[in-house]
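Encoded as structure tokens, the structure appears first; notes follow it.
The values are calculated or read from the model by the stated rules, or taken from the named source; none is laboratory data. Predicted model, so just to flag it, every value in this text is computed and none were measured. So basically every Cβ, Gly included, is an ideal-geometry build from the backbone, and we count neighbours across all protein chains shown. Only protein heavy atoms, including side chains, enter the accessible area calculation; ligands, DNA and RNA are left aside. Shrake-Rupley method; radii C 1.70, N 1.55, O 1.52, S 1.80 Å.
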Amino acid sequence: MRVIFIILLSLFTSLALAQNKSATPLYDALMARDTVSSLEVDCAKEGHLLNQIHKVVGLSSLRLENLSQFPTNLVELSSLERLFIKGDLQYLPSAEYHKLVSLRYVSIEAKIRDIHQDFGKIPYLRYLYLWNTDLKEIPTCLFQLETLKQLGLENNPILKISDQIGNLKN
């Protein structure tokens, strides 16, 4: 009798989870026992799960759509190689970006007005594209990216280019 009760309770809990959490890519990735190499997240639908994203194992490519606030726990994704952000994001906050040792490619299409100095500590970033931002000048932290090979600044209202642009080595 007790075994049947436990089985029924387990089945009921699984059904309740399935009903409360519609099958979404991030939810599925969080529940997966295997590694997930690529993930696309619609933050308008799954934003409440972003505080758990650092638990996704083996993630190398992440696309965040409709992002309005940067989840600083992304820096815990040490295997992340490619990051695509699109949304209403206005600021890249302070975070331990130096932990993103595998990150090589970042594309951001958002109305960013400022990028925190910590962003310049991504150790091996090679490609950075900032599209359709509200940046009035190139943030000085970008000049700290020693391995940067390409900096795309298309469709930005940049009014001033710092003399530090000569500090970019590649």
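Points to keep in mind about this one:
- Total lysine pairs in the stretch 30-170 at Cα distances under 24 Å, for residues eight or more apart or on different chains: 28.
- Projected label distance in nm at Gln69 and Ser102, using a 7 Å step from Cα toward the beta-carbon: 2.7
- FRET efficiency estimate (nearest 0.05) - Cβ-Cβ, Ile158 to Asp88, R0 22 angstrom: 0.65
- Averaged per residue, the stretch 34-163 has 50 square angstrom of accessible surface, using a 1.4 angstrom probe with ligands and nucleic acids left out.
- Length-normalised contact order for the stretch 32-170 - Cα pairs under 8 Å, 6+ apart - percent: 16
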